[in-house]
Amino acid sequence: MRSPQLRIVVVLLGLFGSVLVAACASPAGGVTAAADAPQAAASKYVILTFDDGPSPQYTPKVLAILRQYGVKATFFELGQNVARYPSLTRRVYLAGNSVQNHTWTHPDLRRVSWTKFRSEVLNTDRVIRAQTGYTPRCLRPPYGGVNKLTYRRAASLGKTVRLWTVDPADWSRPGTSTIVRRVLANVRNGSVILMHDGGGDRSQTVAALPTILRTLKARGYAFYTTSCT
């Protein structure tokens, strides 16, 4: 039979353990955890990503909508656009979003030499680092073009390849309602949603975004970013 003192210690340890578990489950700010380490705090989450920016016409509109709904996202940016609009990249970063590498000129990385691959990635790292203070750890190959060599080369540069699981093909401008329907019909817990804030006319993407965010929030989804740390 346990002594009264021992029973008290056991109860206290149980209470302390419960508090510790609850504390570890709470994400900082509720939006900034990495995709490669899903959190127990939210029963459902998605990762919203934007490719091909920054663009002066659409990136500020995307940022305004994200701010309105209290959502953070991951922006896979092109180095040539960062060099052209550096203040936009800094604005994306200062708003609490993750800025990651999408190469310099958007080539198919399966079809380039090692010299070209390296320059595409490292030059983009350089301009992003100048605006954010950190070196991206995630690489999203354009077109989702990957093979064993792509993964091996990315790893040699300290990069983790990050693709997506939900693609509404917003780049093809299929219509605002179609973009909304394709996202909402295919999203699942842990989905990585691909959208675009650059590379062409993204007005339909901007128009679709409020409905997507509002509906996913109503369904109980939290939003996380990814940094590949």
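Summary table below
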item: Test result for Arg129, open to solvent by 60 Å² or more (accessible area, probe 1.4 Å) and either touching a residue at least 40 places away in the same chain (Cβ under 8 Å) or not in a loop (DSSP other than H, G, I, E, B) (or both); result: yes
item: Residue that is farther than 25 Å from Ser191 by Cα and surrounded by 24 or more Cβ atoms within 10 Å (Cβ to Cβ), where the choices are Thr124, Thr103; result: Thr124
item: In the range 66-80, the residues that are within 21 Å of Ser203 (Cβ to Cβ) and either touching a strand residue (DSSP E or B) at 6+ places or on another chain (Cβ under 7 Å) or open to solvent by 20 Å² or more (accessible area, probe 1.4 Å) (or both); result: Arg67, Gln68, Tyr69, Val71, Ala73, Phe75, Phe76, Glu77
item: Filter pass, Gln80 being modelled with pLDDT of 95 or more and either among the β-branched types (Val, Ile, Thr) or in a helix (DSSP H, G or I) (or both); result: yes
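The values are calculated or read from the model by the stated rules, or taken from the named source; none is laboratory data. Just so we're clear, the structure is a prediction, and the values are computed from it rather than from any experiment. Note that we place each Cβ from the backbone using ideal geometry, even for glycine, and neighbour counts take in every protein chain shown. Just the protein is used for accessible areas: all its heavy atoms, side chains included, with ligands, DNA and RNA removed. Shrake-Rupley method; radii C 1.70, N 1.55, O 1.52, S 1.80 Å.
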